[in-house]
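Engineer: My structure is below; once you've seen it, I'll send some questions.
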Amino acid sequence: MKRVLLAGGGHAHVHVLQAAAREPFAGAALTLVTPFARQMYSGMLPGFVAGHYRVEQCAIPLPGLAAAAHVELIEGRITALDAAQRQATLADGRVLPYDLLSLDTGPVMDRDIIPGARENALFLRPVEHFVQLYERVLEQAARRALDVAVVGGGAGGFELALALAWRLQRLGTGSRVSLVAGAAGPLSTFVPAVRRHAMAALRRARVTVLPFACVEIGSGFVRLDNGARLACDVPLLAIGTQAPPWLAGSGLALDDRGFVATGPTLQSRSHPEVFAAGDVASRTDAPHPKSGVHAVRAGPPLALNLRRAVGGGELMPHMPQHRTLYLLATGGRHAIASWGKLAAAGGWVWHWKDRIDRGFVQRYTLTSGGS
Ligand SMILES: Cc1cc2nc3c(=O)[nH]c(=O)nc-3n(C[C@H](O)[C@H](O)[C@H](O)COP(=O)(O)OP(=O)(O)OC[C@H]3O[C@@H](n4cnc5c(N)ncnc54)[C@H](O)[C@@H]3O)c2cc1C
């Protein structure tokens, strides 16, 4: 019996669980280790912040899905990995040996990336912690006006600034939201047509865009790289993510940012018995490496290759897409679509995104009732 360890209940592993529920992996005992009993679907996080969804609507419960798949669920967090010994160690000291390992733990956020952030800022990850702390922000904002600064001009920071503006304005206490977007401004990697829609949405929502970097976070303020000190009750960090530190000592081949170097079959470049998908993985063979392995799209090939690694058969290559469709929520029931050089915006884009997002969560939640 091969021991297959699924590390993290991320967006690719929910598909592996569903595949195992539909057709068991013959000759394998599967274990899932996850710190939380549910997987938050990040695509719906801005909608949760804006108040369009309750938290349960954005989460895939893992125990039911694991039970349907006959997968043992262990609540815990991996803190060390020894690829030579083929074992993972959890925060509570438990050691889990494996024959095959699949990593879908996502990235982490470095608490010390900006001086003062660890003590004073709200971090987006772990998402479960953010979700709990956000409830407290809402309680405070219902009592008095808050100055909120979202730090990070990428897609996540942009969507969250607009979602916060939408929600806080509806509380009627006069809270203000700013977006500290760095010198390049919001959505700097997107085409001009998308950026035009984005700037219009930020203006409509009265989000103040600050084209500076945040260099310090203190109690009640954030400091920018132009020297300005901005009053801020809630600094929310939506800046880049890092590789989990426990990968560094694992012995696995890593890319230059510390993410797992994988090839076309989603296997580790150094240890073929280790698979990785999602943000924790890096396709070092791809034309644009370091882009991660999109967790949702990697789910089906990962499930197939794990099954074949157990039972035999040729592993299939997974081709990353050249062009990605982005659907960016802009606070209210309105969104921007980005596809290559094309852009569109409107209520219909939001409804399109809403259908896709709800469909994703439902697809994996329904399975929890049985296979
Ligand atoms: C606001 C926002 C909106 C976004 N919207 C989109 C979008 O619309 N479309 C899109 O493609 N991307 C979107 N993203 C990006 C997206 O969040 C990531 O690309 C995606 O979450 C990656 O999925 P994953 O499975 O790799 O990791 P995750 O979603 O982070 O899942 C990892 C899982 O592993 C668990 N885990 C973590 N550490 C450990 C450990 N040490 N041991 C065991 N388990 C662990 C976690 O609890 C989690 O359940 C958005 C991001 C943000 C911030």
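Engineer: Suppose only helical runs count, i.e. DSSP H with n ≥ 4. What mean residue ellipticity at 222 nm does that imply for the chain under -39500 (n - 2.57) per run, divided by all residues and rounded to the nearest 500 deg cm²/dmol?
Structural biologist: Numbers: 9 runs with 113 residues, N = 371.
Helices in the chain give a 222 nm mean residue ellipticity of -9500 deg cm²/dmol.
Engineer: Then there's this: Just how far, in whole angstrom, is the range 148-227 from the range 251-277 if you go by their alpha carbon centroids?
Structural biologist: 35
Engineer: Give me Rg/Rg_expected for the range 117-239, where Rg uses Cα atoms only and Rg_expected = 2.2 N^0.38 Å with N residues. Write down the numbers at each step before the final one.
Structural biologist: On the way: Rg = 13.6 Å, N = 123, 2.2 N^0.38 = 13.7 Å.
Here the answer is 1.00, to two decimals.
Engineer: Report the charge-dipole magnitude of the range 117-239 in Debye, nearest 20, computed about the Cα centre from +1 at each Lys and Arg Cβ and -1 at each Asp and Glu Cβ. The partial results should precede the final answer.
Structural biologist: Working: 15 positive and 9 negative charges, 94 e Å.
Computed about the Cα centre, the dipole is about 460 debye.
Engineer: Express in nm, to one decimal, how much length is gained between residue 326 and residue 225 on full extension, taking 0.36 nm for each residue of separation and deducting their alpha carbon distance. Kindly include the intermediate steps, with their values, before the conclusion.
Structural biologist: Values: separation 101, 0.36 × 101 = 36.36 nm, distance 3.00 nm.
Value of the extension gain: 33.4 nm.
Engineer: Mind jotting down a quarter of the surface of the convex hull over the alpha carbons of the chain, in square nanometres, one decimal? Write down the numbers at each step before the final one.
Structural biologist: Values: hull surface 72.0 nm².
Quarter of the Cα hull surface area: 18.0 nm².
Engineer: Still on this structure, I have one more. Along the Cα-to-Cβ line of residue 111, 7 Å from the Cα, sits a label point; which residues in the range 239-255 have backbone N less than 15 Å from it?
Structural biologist: 245-246
Engineer: A further question follows. Taking 0.36 nm per residue of separation and subtracting the Cα-Cα distance, what length does fully extending residue 248 through residue 145 add?
Structural biologist: On the way: separation 103, 0.36 × 103 = 37.08 nm, distance 4.33 nm.
Stretched out fully, the residue 248 to residue 145 stretch lengthens by 32.7 nm.
Engineer: Here's something else I'd like to know. Once the piece of chain linking residue 319 and residue 200 is laid out straight, how much longer is it, given 0.36 nm per residue of separation minus the C-alpha distance between them?
Structural biologist: 39.3 nm
Engineer: How far is it, in nm, from the label point at residue 94 to the one at residue 57 when both lie 7 Å from their Cα along the line to the Cβ?
Structural biologist: Placing both labels 7 Å beyond Cα along the Cβ direction yields 3.4 nm.
Values in this text are rule-based calculations from the coordinates and carry no lab data. Fair warning: this is a prediction, and the values are worked out from it, not measured in the lab. Ideal geometry is used to build each Cβ from the backbone, glycine not excepted, and the neighbour counts take in all protein chains shown.
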